[in-house]
């Protein structure tokens, strides 16, 4: 198995910059199938990093490794501590909303507090997150009365309710229509700025990755290796007009060329 590029080659270092997630030659196999092959990267605190690559390249597997949900080979640390299982400071959101149909939007968001036995104490915080994701008037609606985009907003509010400072999002908007997905991308940028969490976001969309992320980690087809990292040279905050700029187009094509070279 080939090794990915050394950590020091992946991103220019900034004086005083600390890393939240560090992976050093991590691998994962399912029987005889190698899903992730000796991948190395380092993500600074507060960064938004996108994992981009074709289907079957190990993006979701890599995210689950960071979440401590599956065993792996190699070295993976979070806040300088080895990842050996699920951690309370890590929250994960999946492509499907996975809401409980018998609970209202507010009650679904309160689930992390219910598990801790303090749902009444956290009711105002749950309302705050529902309002933050744009559901101020749908707090008491049940999932069957919410659109797919609204259900994903509830899932995002529930993720924030965990209090996690590392957010892992596994292609959460992939099943939505283009306009809903665009609106949620804008919401996610705003929320990321407010909560200041370190975020890893899996996507198949090059433009989505460039619009959202500080850096794009480009994966090769399976077995998944890291082809390289592309910096998104844009300031924050960002809005949809960014996509009209030559710099955005240039970055999209730089990522496309790197991705195309792996296929």
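The values are calculated or read from the model by the stated rules, or taken from the named source; none is laboratory data. All figures in this text were calculated on a predicted structure; none of them were measured in a lab. Positions of Cβ are generated from backbone atoms using ideal geometry, with glycine treated the same way; all protein chains shown enter the neighbour counts.
Computed quantities for the displayed model
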{"quantity": "Verdict on residue 130 being touching a helix residue (DSSP H, G or I) at 6+ places or on another chain (Cβ under 7 Å) and either at pLDDT below 85 or closer than 21 Å to residue 239 by Cα (or both)", "calculated": "no"}
{"quantity": "Hits in segment 208-231 - residues which are surrounded by fewer than 23 Cβ atoms within 10 Å (Cβ to Cβ) and under 21 Å from residue 46 (Cα atoms)", "calculated": "208, 214, 215, 228, 229, 231"}
{"quantity": "Pairs where the first residue, in segment 87-105, is at pLDDT 85 or above and the second is part of a strand (DSSP E or B) and surrounded by 15 or more Cβ atoms within 10 Å (Cβ to Cβ), C-beta under 6 Å, 6+ apart", "calculated": "89/166; 90/166; 91/167; 92/168; 93/169; 94/170"}
{"quantity": "Evaluation of residue 187 against (1) under 15 Å from the mean Cα position of the chain (by Cα); (2) within 16 Å of residue 130 (Cβ to Cβ); (3) buried (at least 21 other Cβ atoms within 10 Å of the Cβ) (one fails), failing number", "calculated": "(3)"}
{"quantity": "Candidate set: segment 107-124, residues that are at pLDDT 90 or above and within 23 Å of the chain's Cα centre (by Cα); chosen: the one farthest from residue 89 (Cα to Cα)", "calculated": "108"}
{"quantity": "Checking residue 259 against (1) at pLDDT 90 or above; (2) crowded, with 21+ Cβ neighbours inside 10 Å, the condition it does not meet", "calculated": "(1)"}
{"quantity": "Test set (1) surrounded by 20 or more Cβ atoms within 10 Å (Cβ to Cβ); (2) not assigned by TED's automatic domain parsing to the domain that holds residue 38 - residue 83 fails condition number", "calculated": "(2)"}
{"quantity": "Breaking point among (1) in contact with a strand residue (DSSP E or B) (Cβ under 9 Å, 6 or more places away or on another chain); (2) outside any helix (DSSP H, G or I), for residue 234", "calculated": "(1)"}
{"quantity": "Failed condition for residue 201, given (1) modelled with pLDDT of 95 or more; (2) more than 30 Å from residue 102 (Cα to Cα)", "calculated": "(2)"}
{"quantity": "Yes/no for residue 92 being within 19 Å of the chain's Cα centre (by Cα), assigned to a helix (DSSP H, G or I) and on the phi < 0 side of the Ramachandran plot", "calculated": "no"}
{"quantity": "Selection within segment 232-253 - crowded, with 18+ Cβ neighbours inside 10 Å and either free of Cβ contacts under 8 Å to residues at least 24 places away in the same chain or over 21 Å from the mean Cα position of the chain (by Cα) (or both)", "calculated": "232"}
{"quantity": "Entirely in segment 139-227, the strands (runs of 3 or more DSSP E) that have 1 or more residues that are in contact with a strand residue (DSSP E or B) (Cβ under 9 Å, 6 or more places away or on another chain) and over 23 Å from residue 240 (Cα atoms)", "calculated": "166-170, 215-219"}
{"quantity": "Hits in segment 1-36 - residues which are more than 21 Å from the chain's Cα centre (by Cα), modelled with pLDDT of 90 or more and not in a loop (DSSP other than H, G, I, E, B)", "calculated": "29, 30, 33, 34"}
